[in-house]
1. Past the 37 angstrom mark, what percentage of all C-alpha to C-alpha distances in the protein assembly as shown do you count?
2. Dipole magnitude of the protein assembly as shown about its Cα centre, charges +1 at Lys/Arg Cβ and -1 at Asp/Glu Cβ only, in debye to the nearest 20?
3. Provide the packing ranking of C:268-280, C:502-514, i.e. peptides ordered by the mean count of other C-beta atoms within 10 Å per residue, highest first.
4. Considering only protein heavy atoms and a 1.4 Å probe, what is the carbon-and-sulfur percentage of the accessible area of the stretch C:318-438?
5. Taking a cut-off of 20 Å between Cα atoms, list the lysines near residue C:233, but don't count ones fewer than 8 places away on the same chain.
6. So what J values fall out for the stretch C:7-19 if you push phi through Karplus, 6.51 cos²θ - 1.76 cosθ + 1.60 with θ = phi - 60°, rounded to Hz, Gly and Pro as x?
7. Can you give the mean number of other chain Cβ atoms that lie within 10 Å of the Cβ atoms in peptide C:135-145?
8. Between residue C:17 and residue C:111, what is the label-to-label distance in nm when each label sits 7 Å out along the Cα-to-Cβ direction?
Amino acid sequence: MTLQAYLTLAAVLFCIGLFGVITRRNTIGILLGIELMLNAVNINLVAFARFLGDVSGMVFTVFTISITVAEVALGLALVILIFRIRRTAVADHLDLLKG
Amino acid sequence: MSLEPIAFWGLAVALLASALAVVLTRNLFHSVLYLALSLTATAGLFLALDAEFLAAVQLLLYAGGVVTIAVFAIVVTERLVGDRITQTSRQLFTGFIIAGALLVALLAIFRRGPLTVPRPAVSGDLTRAIGQSLLTTYVLPFELLGVLFLAALLGALYFARPDD
Amino acid sequence: MAASGTFALWAWLAPGLAFLLLGLVYPLRRSGKPAAGVSIVFSAGALLAAVSAWRATVPEVARRTLWEWIPVEDGVLTSVGVLADADSTLMLILVALVSFLVQVYSVGYLAEEPPASLGRYYAYQSLFAFSMMGLVVAPNFVQLFICWELVGLCSYLLIGYWYARPEAARAAVKAFWITKAGDVFFLIGIVMLWSRTGTFDFSELFEMAQGGSEVLAGLGLVTFFIYLGAAGKSAQFPFHVWLPDAMEGPTPVSALIHAATMVTAGVYLLFRTAFLFERTPDVLTAVGWIGAFTALLAATLACVQHDIKRVLAYSTVSQLGYMMTAIGAGFAGAGFLHLLTHGVFKALLFLAAGAVIHAIGSNDIFGMGGLARRMPQTVAVFLIGTLSLAGIPFFAGFFSKEEILGAAWVGGLTVPFVMLVLTALLTAFYMFRVVFIAFLGEPAAVPDHAGDRDAPGGHAHDAPASMTVPLWILAALAMVIGIWVAVWRPETEFKPPFWLTPLAVLVAIGGIALAWLVYGLRVISPEWLFRRLSVIGEAAVERFWLDDLFALIYRQGILALARVTGWVDRYIVDGVLNALSAWTLTLGDRLRRIQSGQAQDYVYGIALGVLLLMVWMRWPR
């Protein structure tokens, strides 16, 4: 398939992830949306690496996967902590930064 | 007829359908499962792109690790099921508009450029190439990654402490 | 040649020095009589200098520049100095003489004033003399206009000398307002003239006019505006209404300012700039017509006045109309001559009236009567002045009045000529009306107790020497001029018709006879006369409702304008500002809600920003 096909796929996946981040109430749901967005980025990187013959894209993907994993782990840990304190995981209730 | 387009289209459909399910399902636990499915479909796409190493990494870390952690987090926090979609999602319409607009913008950018490049031939073992460049050209980010994991480990330890 | 200019300069500056002394040295001003002395001494010095300046004049004009005020690239825009020729030095003598005599007279007239007020009075007198002389010898329009305004200011200060009286304060403001209206047009005219010709200087403009310069063509609007300024100051219709009210000031002030000097500034201006007006004959015709109409109008108004000063005030307006008519006929010299003679005898009349007022304590002629027996000197000089004003031969006014009538006739202003003849009749009539009522006949039934006016007078008696000496000096001057003119008839610019002199004499005598019949012998009763001319008579009593018209314009017009401006200021100007601040506050309040504290809303923002970035990047393609 053409590069454009892969890129289009990645774009759609990214937007679906963005939709999830924006709309989901539960914090864990938001994190799942983030996962989808990062996934889309990875597909993009690998597609470019493959079609341009440069392996750096794949190396970069290794990095992003690693970082994502670390981020998810810590993010979920934070969610659990917040749940312990505020007894809620709904993002709407976490509005202490309200101006 | 070549296998590749069929594989692509099948994987693409699976991926997108499961992604939509992730963001739209009311049951959070189902959401995570659908995420696992979409991550697996991504791994398949990596295989279609001749990136075997990455496919393996994807399956191990993402579909295995991340999903597991998410499940644990869901179990620990309560309220995973809502009766109506509004209990689990908010402002669906505006979110759809924003995401849709972004999609249109992205696609518009893709349409312009000369991006129909032919697929070059696979030059050698990609995994070996990844490994080599990881330890030569990109050795600095590689080391920094180690530092990052250390920091994440410390952070996780800190979070896991009991309250005293 | 330069001597004349130097003398003129000294004549001008001397009162200015007196004013500086009195203005700055507070103890001197407070002391009263010494302040008067200072002012009088400097005024005498100015008189001497003025006479010397006149004696030293030669055909060429003498200029002395005191200070080049505004230098521009090639030359000077305007300078401060003197322009001394035969006419300006003559006028200088008139101003200095009357000013000096009035100041001496005031010592007696204002003897009961508190010293601080007296010092203030003499400071103003000196300032006035300084301004008026600066106007007379001004070499350019700018200095003339500045002195013009200063003279107006002094008029305001002196009319409102007794500022505690509301009538006086109001009269001062009225004078200031009405002359200011004319002054605005005057200024516009000056600037328009400058924009045409590039100069303010009289000598340069005169040369341009002599050379028939094209630049001076089509100046109708300019000269008309300049005339409007003169009309304001010289009380031409309809701007004459301030002059009768200006009688609220002390009588010496009326003699100086509103008879001999300030009001004649307008006539003097037109006389000086006659070479400009010659280019615009239409404006001159208008000047002549308005002048004649003013003369007639004022004369009718004088016939129904009870206040002796008001009679004289309207008489002044009338005579100013005469002068303007002469100028309008194209013979400015005749007008200037009448200006000089009128200055002498009108000042005389005012000062004599002042002596009467000082003695009686009231201005009302019906409260006087039979004064001839008790104040013989005063009545004698008043009679000399009256005969001069009426235009009897061998008295000062006769020749100048006849010249004006001749000028009107020869200049082609026939209807104005008729008006002026009628006015001459009325002039004789109303002046002798005053003589018969106030001086002859029986004393009035009203006892001459202390009035509420100028001085707490007691009994009718002749005034102290400080007042009588100036009176006799002026009277003597009036007679000398009258006789000298009658014997050595000077050259006139034109040939008057042969029947003019008999006509003038006849009209004057007719007026006197009419007054004698009505008020002396009581053959014709005044009431019968009044009823016969009831329409004009009653309108005259109401001063033709002009004062009311002006008051209406002022009150309704200007105050309404002030109210509108206030409203605009409060609701529109302030309203805009208040609205802006309110909007700022509201906007801030609304914008605050973007910080909802919800992380997902911030993601919204980021997504929107990225979208906008992409659109913006893509747009130029």
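The values are calculated or read from the model by the stated rules, or taken from the named source; none is laboratory data. Not measured: the values here are computed from a predicted model. Backbone-built Cβ (ideal geometry, glycine too); neighbour counts: all protein chains shown. Accessible surface is based on the protein model in full, side chains and every heavy atom, while ligands, DNA and RNA are left aside. Shrake-Rupley method; radii C 1.70, N 1.55, O 1.52, S 1.80 Å.
1. 61
2. Numbers: 53 positive and 53 negative charges, 330 e Å.
Result for the protein assembly as shown is approximately 1580 debye, rounded to the nearest 20.
3. Going by the mean number of other Cβ atoms within 10 Å, highest first, we get C:268-280, C:502-514.
4. Numbers: 1740 of 2370 Å².
C and S atoms contribute 73 percent here.
5. By straight Cα distance, residue C:233 reaches C:174, C:180, C:309, C:346.
6. For the stretch C:7-19, the Karplus-derived couplings read 4, 4, 4, 5, 4, 6, 6, 4, x, x, 5, 4, 5 Hz, x marking Gly and Pro.
7. Mean shielding by partner chains, rounded to a whole number: 0.
8. A separation of 3.1 nm, rounded to one decimal place.
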